[in-house]
Ligand SMILES: Nc1ncnc2c1ncn2[C@@H]1O[C@H](COP(=O)(O)OP(=O)(O)O)[C@@H](O)[C@H]1O
Ligand SMILES: [Mg+2]
């Protein structure tokens, strides 16, 4: 067990050495990974903050319950008490029919005309402010239909246009962020697998010799896997630095803006577990890309290792010998040009 | 140790390098594989080490039927066969020690055992003092001996060499052949491709002769 671990540590150190021997392409690859991981992360933070801002600044959602005309003040009061006891409600206010009429008179200017009515045509109104936790559109819709079915309630109405729009926009942005993340993950895969491909071609002769002396694909693969994971690791580290730098740049203008609105809004940064997740994603992508790249190239470089099959040999072998010759020519060309 | 039955090898370009070859090399035997340049000697050795696959017939090496061996099993098979190449195939960015240690490293041999066996192999070929050097600083004969040490460091029961003395002068060449002879006396099965008849007369071993891909004579069967 100890020698096994020791061997892995040796391979890891060897991979670091190998990466540092080609600093140009390593830095390039780490940089590209850093940027591609930072972009969706920043978008994610933007959404988190947008949600925070939205929740902090939106005017508050109300459900208006219009009671039946026949409901008297006493029954209205007991209904109000019942609603207040529910966990979904934060606050319940009553606007009596008389007060409603009073307000209407003042606001509408129909004062004298309304005096002529034989009785008050307006219902008693209960205004429910739901708890924050129940502000999701689906949740609100459920409350509305539930309250609407209570005895004595004529109609339950939600002014939720704003809420709905906000949430739909957020959902859309989240979907877009997801698509973007997948695309950028693909970019990371391609970047790493290309660096690994170059590393494999550089070490072609060495791989061939290792194979000739009984090295398994797994053995050959190991340093490349480490190399891929290291690139992912350093890429994720670069991404975290980029994100922290971006947030630092944005922090003071956002504070000024918040001050202008008299708000105590605090920008949400990258939390520790999110940073760790980013590192894990980086390492995972690096591992996946290098595995994919090594498998592909090992099989392509040494096709003759497969048991002979006449159909395969007929169709592909010509192409592979041709490829081989072209590569050989190119290499000897290079040597001559040096 | 090696049994060929009606083996042919046709390269993808259509060239038939070996035609219906049948012979048997018993355990602990030593044989020279001779023939003009292009006769198919290297091809035959490449079939035995599975660098190439035969296109017809059956090859059994060390009780393994090579025609049925899958890619995954090849590395483990190769650890049983020591191979020496004419162009050495050494890693020039590794020391002599690391080059010789390679077969042990890929087989996962422990650190202490590895050092012991590498030094033993280097001792056998007379390079014990040069383990820290890089191959490029060695002479052609010394490089070839590094290759030989690497081939035998695993103590394989079978050793194959493809023109191991091709670029060496007569004296060095004799030394190298004597090394192989010595391995054979320790019980290792040895097959050496060469076009130098001199060694055959000197050592008096079995001769397997190829001509244009055909077997001319398989020599003495014991
Ligand atoms: N990879 C290859 N593709 C096509 N033809 C080959 C290949 N390798 C060798 N040959 C041909 O097969 C024949 C035997 O080659 P080889 O086994 O190398 O002979 P030797 O080692 O006896 O000189 C030669 O005619 C050579 O041109
Ligand atoms: Mg040859």
- Once the range A:122-225 is represented by equal point scatterers at the alpha-carbon sites, with solvent omitted, what log10 I(q)/I(0) does the Debye formula produce at q = 0.19, 0.24 Å⁻¹? -0.99, -1.22
- Note on the structure: One quarter of the C-alpha convex hull surface, i.e. the mean projected area of the range B:146-222 in nm², amounts to 5.7 nm²
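Give the Kirkwood hydrodynamic radius (Å, one decimal) of the range B:91-155, defined as one over the mean of 1/r across all pairs of different Cα atoms. Don't jump to the answer; show the numbers that get you there.
Details: mean 1/r = 0.0881 Å⁻¹.
The Cα-based Kirkwood calculation yields 11.3 Å.
Efficiency by 1/(1 + (r/R0)^6): what FRET value for residue A:201 and residue A:35, r their Cβ-Cβ distance, R0 = 30 Å, to the nearest 0.05? Don't skip to the end; give the middle numbers.
On the way: r = 25 Å, r/R0 = 0.85.
The value I calculate is 0.75.
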- Item | Alpha-carbon radius of gyration plus Dmax, which is the widest Cα pair, for chain B in Å | 17.1, 49
- May I have the pair-distance distribution P(r) for the range A:173-226, computed from all Cα-Cα distances with 10 Å bins from 0 and rounded to whole percent? 21, 35, 20, 15, 7, 1
- Query: Against the longest principal axis of chain B, how steep is helix B:140-152, in degrees 0 to 90 to the nearest 10, with axes from Cα atoms?
  - Reply: 80 degrees
- Please label the shape of the range B:1-112 as rounded, prolate or oblate, based on the square roots a ≥ b ≥ c of the eigenvalues of the alpha-carbon gyration tensor (a/c under 1.5 means rounded; beyond that, a/b larger than b/c means prolate, else oblate). prolate
- Query: Hey, what angle do you get for helix B:111-124 against the long axis of chain B, alpha-carbon based, 0 to 90 degrees rounded to 10?
  - Reply: 70 degrees
- Item | Neighbour-count ranking [beta-carbon atoms within 10 angstrom, fewest first] of B:52, A:139, A:206 | A:139, A:206, B:52
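Rule-of-thumb check for the range A:62-157: C-alpha Rg over 2.2 N^0.38 Å? Walk me through the numbers on the way to the answer.
Working: Rg = 14.7 Å, N = 96, 2.2 N^0.38 = 12.5 Å.
Expressed relative to 2.2 N^0.38 Å, the Cα Rg reads 1.18.
When Cβ neighbours within 10 Å are restricted to other protein chains, what is their mean count per residue of peptide A:202-215? Can you show the working numbers first?
Details: counts 0, 2, 0, 4, 5, 0, 2, 9, 6, 5, 11, 17, 15, 8.
Mean number of neighbouring Cβ atoms from other chains: 6.
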- Task: Give the share of C-alpha pairs in each 10 angstrom bin for the range A:13-132, from 0 to the last occupied bin, in whole percents, shortest bins first.
- Result: 11, 21, 17, 13, 9, 9, 8, 7, 4, 1
- Would you list the P(r) distribution for the protein assembly as shown, with all Cα-Cα distances sorted into 20 Å bins from 0 and each bin expressed as a whole %? 16, 33, 19, 14, 12, 6, 1
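What average count of beta carbons from other chains do you get within 10 Å of the Cβ of residues in B:103-109?
Numbers: counts 5, 2, 6, 9, 5, 5, 1.
Partner Cβ neighbours, averaged per residue: 5.
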- Message: I'd like the distance separating the alpha-carbon centroids of the range B:36-82 and the range A:145-218, in whole Å.
- Response: 47 Å
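Mean residue ellipticity at 222 nm from the helices of the protein assembly as shown, using -39,500 (n - 2.57) per DSSP H segment of n ≥ 4 over the full residue count, to the nearest 500 deg cm²/dmol?
Numbers: 18 runs with 316 residues, N = 560.
Value at 222 nm, helices only: -19000 deg cm²/dmol.
Expressed in whole Å with the largest first, what are the equivalent ellipsoid semi-axes of the range B:57-99 derived from the C-alpha gyration tensor as the square root of 5 times each eigenvalue?
Whole-Å semi-axes of the equivalent ellipsoid: 28, 12, 9.
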- Note on the structure: Scaled by the rule-of-thumb 2.2 N^0.38 Å, the alpha carbon Rg for the range B:70-122 gives a ratio of 1.22
- Using every Cα-Cα pair within the range A:196-235, state what percent have a distance larger than 10 Å. 71 percent
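Can you sort A:213, A:110, B:97 so the residue with the fewest Cβ neighbours within 10 Å comes first? Could the numbers behind the result be given before it?
On the way: A:213 24, A:110 11, B:97 19.
Arranged by neighbour count, lowest to highest, A:213, A:110, B:97 become A:110, B:97, A:213.
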- Message: Test of understanding: ordering A:64, A:15, A:41 by Cβ neighbours within 10 Å, fewest first, what list do you get?
- Response: A:64, A:15, A:41
- Note on the structure: Pseudo-spin-label distance residue A:48 to residue A:129, built 7 Å along Cα→Cβ, given in nm, is 2.8 nm
- Item | Virtual spin-label span in nm between residue A:254 and residue A:74, 7 Å along Cα→Cβ | 5.6 nm
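Values in this text are rule-based calculations from the coordinates and carry no lab data. Predicted, not measured: the structure shown is a model, and the values here were computed from it. Neighbour counts are summed over all protein chains in view; Cβ atoms, including those assigned to glycine, are modelled from backbone coordinates with ideal geometry.
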